[in-house]
Every structure is written in C-alpha cells, then in structure tokens.
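See below for the structure under consideration.
The values are calculated or read from the model by the stated rules, or taken from the named source; none is laboratory data. Remember, it's a predicted structure, so these values are computed and weren't measured experimentally. Glycine also receives a Cβ, built like all others from the backbone with ideal geometry; neighbour counts cover every protein chain displayed. The accessibility values were calculated without ligands, DNA or RNA, using every heavy atom of the protein model including side chains. Shrake-Rupley method; radii C 1.70, N 1.55, O 1.52, S 1.80 Å.
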Amino acid sequence: MKAKSPVIWPLLGLAALVLLNAVHDLGFLKITLLDGHLYGVPIDILTQGSRTMLVALGMTLVIATGGVDLSVGSVVAIAGAVCAVLLQGGHSLALTLAAALGAGLLAGSANGLLVARLGVQPIVATLILMVAGRGLAQLIVDGQVIIIKSPAFEYLANGFLLGLPVAPLLVVALYLATHLALRRTALGLFIEAVGDNETASRFAGLAAARIKALAYIFCGAGAGLAGVLAAANIRAADAYRAGENMELDAIFAVVVGGTALTGGRFSILGTAVGALLIQTLTTTMYNLGVPPAIAPVPKALLIIGVTLLQSDKIGRWLGGLWPKREAA
Amino acid sequence: MKSAATARRDAGPPIFKRQLPLFVTAGIFVALFLTAAHFYEGFFSARVFISLLSENAFLGIAAVGMTLVIFSGGIDLSVGAVIGFTSICTATLIEKHQLAPELAWTLALAAGAGLGAGMGSLIHFFRLPPFLITLAGMFLARGAGFWISTDSIGINHALYGKISAYEWLFGTAAIPAGALFLITVLLAGYAVAHHTRFGRTLLAIGGNEQSALLMGLPIGPAKISVYAVNGFCAALAGIVATLYTGSGNPGMGLGLELDAIASVVIGGTLLTGGRGHMLGTLLGVLIFGTIQAAILFDGRLSSWWMRIVVGALLLVFILLQRFFLRRK
C-alpha cells in the first residue's frame, strides 16, 4: 500500500478481470455502433454499474468521516416507489424527480441528525432506516410492483446522448463535480480531518457535526438518484427487490477503491474504479455461467482479501518481505 | 464472583435504576400484549403466548448468540445466511447421503462454529471491522448454501416426524419442541452471559477493550470464541428451522440478522457493547413476536407494517440508550 496512488490496486484488479474475460471470449471487448448508439459488454457494464457508482460516491464521503450508511438500499427502494406513484398519478417528470431527490435528502437528513447531532453509532443509526425504509417503500406502492410508462423517465436510464448512454454520463458528471467541489476547495480536507479525529478537528475550529451530517445528506441524495435510475432501468418500482444488497456493493466499491474504513482519507477516483470492478465481476460471473445465487462467494473472497491487504499487520509483514526490492 | 457482588452492593446503583431499560422493555411487552388482547378476541391465551415462543424459536436462538456478540462490542451479520446454509446442508446430508440426523446435526453445528471462529480470528488478529468481515461471511454462507442446492429439500426421516410431533404438557398448555429448544438455549445463554467468567470478559471487552486488556483478560480467545458460539447458535437455529418446516431451504433466514439485532437492542442491550441483559433479548423476541401475531390476527394490516413498527421501536430504544449514556 506504499504505492503513490491508491487507485493502482483496483485498476490492476479491473485490468486482470477484463483480461480474464477477453481470454474467455474475445467478443467481450467488442463495442459496436448501431443506429448511432454504442453497444457492447463494456457499455453494459458502465450502464448497469452507474447505480452502484452513484451510491458509492455518497458512501465514500460517509466512510471518509468514519461512518457508514447501511440504509442506501432502502432509500433506493423508497425513491423508486415515489417515482412510480407520482408518475402513475399523472404528475410531471420534473416534480417526480424533485420528489425522489427530496425523499433521498430527507432520509439522509434523518441519518445525519441521528449520527451527527445525537451521537448514535453510524451502523446503528442507519440500521433503523434500513429496516423501516423497505417497509415504507412497500407502504408507498401498497405492496404492488408498479409499472412505469413514461418514455422520458426511461430515457434517464436506458437512453443515449450523442451515441453515449445517458446514465453513465450523468454519473461521470456528478463524479467530476464532486471531485472539484471537494479537492478544489477545503471541503475534502475538512471531511478527512473529521474522519481522522473528530475531537481534534472540532478543537481546530471545524463544525464537525455539520460536516458529518452533510456527508449523510449527500449520500441520501445519491441513493435517491440511484433509485430513480433503478426504477427507470426496469421501468417499474419494485419495493421488495430494488436496491437489494446495494449497500454491500457500495461499501465494497469504496473499500476496494482504497478508502480506509476507519475514515480519514478517501479517493473518489478509487471508488469509481472500485464500483466498475464490482460490476465487471458480476458481469464476468454471468459470462462464465456462474449461477447468480453463487455469485456472492467471489465477492466475499475479494473483500476479505482487500481488507486483509489494507490491515496494518499484513502491511507490516509485506513490508518485512520486500524492503530491499523496493529500494532497488 | 464474590468481590464483584460486594462491589455491586457498595457502589452500584439500585437494581431498578441499573436495569431500567429491562423494565421499560418488559413494560412495553406487557402493554403491547394487553393492547392486542383488547383488540383481538382470543389473543389473551396461553396458546398464543406459547406460539410467540415456538413461531420465533429460530429467531430467538440466533438472538441469544447475537446478544453475546453485541456484549463484546461486535456485530455479526452472517447469522441469517448461516441458518440458510445449515438448513440446506442438514437436509442434503440426511436425504441425499442417508446420514443419521444426529451426525448431520453435529456436522452442521461444527460448520457454523467453524465459520464463526474463522471470522472471529480475522476480526481479532487483523483488527478488521466486524461488520465488514461478517458481511463477507454472510455472502460466503449464502452462496455456499445455494451451491449445495438451489431448491428446498423435504426431510422425511422418522426422527423428524417424532420431534416435530412432540409436545410437552405443562398443565393444560402443550409446549411444542421448538419452544423447548428456545427456552433451553435462553437458559444456557443466561447462565453463560451472567454467571460465567466468559460472560463477564465479554462485557468488559465491550465496555473498554483497552482496559480489559490491561486487566489481563484473555481478549483474543474471548473474542474468537464469542463469534464461534454465535455461529453455533445460528447453526442450531438452522436445525430448529428444519425441524419446524420439515425441509431445508438455502434461502431461509433472509434478513433474519436484522431482526435478531433489533430484538437484542429492543431488549435494552447497548449496541456499543459492555451493557445488557439476556432476559432483555427474550423480551425483545417476544415483542417482535407480538407485533407479528397482532398483524396476523388483524388480517387487514399489511406485512410491511411489521418492518415500520420494528424500525420505530429501534429508534425509540436507541434514543433511550443515548439518553442513558449522556446522563451517566
């Protein structure tokens, strides 16, 4: 982990996976232009991975403050349910999107309030919404799977802009904006300071509680937006399955991307690569014919391996193994 | 033990104040049960009360193990998946490999305890966050369960019929085997948690790991064994689930870890560790069961109210716990 950039490891992993796929089937890398739109497995990975990327972006900031948000999966379901009910009621697309985003912001605020103001442990605080949120989503759609018939809404997830898929473009724009907002201002540094040592950062004059709350609100908004994309992608709101295990994928993406779970430093680029790595892993397993039910096993092994590599003890062992080679 | 008892008498607050969360939980349970009895005819009966125990036997058994883990300040998200794994594993061993049920149970229990010990070792030796490692454990166990079989397998062994038909007559009330299993595990859990050195060590670790280490307590063995014990409990819960349903199903126990954690927290155990009571967990499971039974009795309320009510209860109890900690 002494490498200059933490992004190097997930990038290597991603490259290895892509190579494995290419060896298995050369068609994997093929991108075709059809009706002025790009098609191919890599484009699929980008489109399908955009939701995880979005959720992982907010999760990165939350984890950087030393917390974690388990409720994102439920927030995805809530936002999708809100979209479906409003569109079914004949409301405009703008209002629908605003409402879904608002639901995400509200959920994030609730988490932020519990964690930052009331000092509840992040796992516990967000567990509440994780449990109750799915119930709320089912309440909103009354336990039904609501079909959405709105071409404009579906365009968000499955459409193309200048030949490129819309959803990844949107997500990349958000990543860029977040990166600029955090790294061109002191905000990113503030977040890292709070995650590193909250007490010290408060003594240094930072509004630690406010910064933490903001991270959760941002994460909630990202999850809300991901809920919109998820609903638009399948043209339906499924309160039972939407966003299922999304929190796990997002946490995995963040950790694989080199953000420490203990907080204090983060890498937005790393998260993006991590999310793509997770999605490529999923797609790879489909391609290799692994049944979807068994697909979690490689993910679990990957996460154990990555966290082990990040732990101090292993770092020291490895440091002892190759001190000279690095110098040479 | 003796010195601890004297210290408690000298310095400790009176029992009512010390165990206030427990009394609050008991009060909530009685109030809930009486409210349900008021609204639904036939709710107030020994039969309904016993069914609270037998219907929630596997949740309760898993919650006992979870209580011990939470005592030590840890968390285990893998229990639901371990239940699914052991249930399909037991069914396959008995039906496909003609193993005696006793042998299959032993193997399943050993597998559960082994997985727990493995996760505990990773958590202890490499100082990895428990929620992440047990999350990976959950993926592993769930994937392994589906690997064995994606369909549920019925068990037609003579012993199974005998056990599931068994009822212990207590006065006029007949107590089925599931409830007896739960009561036995609860009694054992109570003894371990509050009357052994192991239980005290766990509470000490949860209170302050550094202090516990400086006091010379065996932190490593205690932490590893508590995850092993929890894995054992989860495996036992899986076996009881096969007895209850007469089949093994790899999807069994989906999301049960959340219910178990919720029961423990509603029972007044601090999620930060170091404080709690096994009796509270019993009350938590009973509250859980009462809400479920009331929704079932009502017939008009949809199943998602369960999640919302449990989420609300979680919120109330966590805020209550914050209040207690602040005042101390």
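Tell me whether segment A:130-138 contains one or more residues that are within 11 Å of chain B (Cβ to nearest Cβ), within 23 Å of B:I266 (Cα to Cα), within 17 Å of the chain's Cα centre (by Cα) and surrounded by 20 or more Cβ atoms within 10 Å (Cβ to Cβ). Looking through segment A:130-138, at least one residue is within 11 Å of chain B (Cβ to nearest Cβ), within 23 Å of B:I266 (Cα to Cα), within 17 Å of the chain's Cα centre (by Cα) and surrounded by 20 or more Cβ atoms within 10 Å (Cβ to Cβ). Of the residues examined, A:V75 is not one that is away from every other protein chain (no Cβ under 11 Å) and closer than 16 Å to A:A236 by Cβ. Scanning segment A:147-164 for residues that are outside any helix (DSSP H, G or I) and closer than 16 Å to A:V228 by Cα turns up A:I147, A:I148, A:K149, A:S150, A:G159.
Residues being open to solvent by 50 Å² or more (accessible area, probe 1.4 Å), more than 12 Å from chain A (Cβ to nearest Cβ) and not in a helix (DSSP H, G or I) are represented in segment B:280-299 by at least one member.
The set of residues from segment B:267-286 being under 22 Å from B:A179 (Cα atoms) and modelled with pLDDT under 85 is empty.
Take the conditions (1) under 25 Å from A:L308 (Cβ atoms); (2) open to solvent by less than 70 Å² (accessible area, probe 1.4 Å); B:F125 misses just one of them, which is (2). If we scan segment A:115-125, do we find a residue that is assigned to a strand (DSSP E or B) and either open to solvent by 70 Å² or more (accessible area, probe 1.4 Å) or farther than 30 Å from A:I45 by Cβ (or both)? No, every residue in segment A:115-125 fails to be assigned to a strand (DSSP E or B) and either open to solvent by 70 Å² or more (accessible area, probe 1.4 Å) or farther than 30 Å from A:I45 by Cβ (or both).
In this structure, is B:I261 open to solvent by less than 10 Å² (accessible area, probe 1.4 Å) and either touching a residue at least 40 places away in the same chain (Cβ under 8 Å) or more than 14 Å from chain A (Cβ to nearest Cβ) (or both)? Yes.
Where helices (runs of 4 or more DSSP H) fall wholly inside segment A:227-316, the ranges with 2 or more residues that are open to solvent by less than 20 Å² (accessible area, probe 1.4 Å) and over 28 Å from A:L170 (Cβ atoms) are A:296-310.
Every residue, every condition in (1) modelled with pLDDT under 85; (2) farther than 22 Å from A:H91 by Cβ; (3) not aliphatic (A, V, I, L, M), yes or no:
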{"site": "A:I146", "(1), (2), (3)": "yes, no, no"}
{"site": "A:K149", "(1), (2), (3)": "yes, no, yes"}
{"site": "A:F153", "(1), (2), (3)": "yes, no, yes"}
{"site": "A:G163", "(1), (2), (3)": "yes, yes, yes"}
{"site": "A:L169", "(1), (2), (3)": "no, yes, no"}
{"site": "A:L174", "(1), (2), (3)": "no, yes, no"}
{"site": "A:A177", "(1), (2), (3)": "no, yes, no"}
{"site": "A:R183", "(1), (2), (3)": "no, yes, yes"}
{"site": "A:E198", "(1), (2), (3)": "yes, yes, yes"}
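Listed here are the residues, each with its yes/no results for (1) over 14 Å from A:Q48 (Cβ atoms); (2) aliphatic (A, V, I, L, M); (3) touching a strand residue (DSSP E or B) at 6+ places or on another chain (Cβ under 7 Å).
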residue	(1), (2), (3)
A:A226	no, yes, no
A:D249	no, no, no
A:V273	yes, yes, no
A:I278	no, yes, no
A:T282	no, no, no
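Sort through B:A179, B:A191 and tell me the only one that's at pLDDT 85 or above, buried (at least 22 other Cβ atoms within 10 Å of the Cβ), within 24 Å of the chain's Cα centre (by Cα) and more than 10 Å from every other protein chain (Cβ to nearest Cβ). Going through B:A179, B:A191 in turn, just one is at pLDDT 85 or above, buried (at least 22 other Cβ atoms within 10 Å of the Cβ), within 24 Å of the chain's Cα centre (by Cα) and more than 10 Å from every other protein chain (Cβ to nearest Cβ): B:A179. Across segment B:203-250, the qualifying residues are those that are surrounded by 24 or more Cβ atoms within 10 Å (Cβ to Cβ) and among the hydroxyl-bearing types (S, T, Y), and the one among them that is nearest to the chain's Cα centre (by Cα) is B:Y227.
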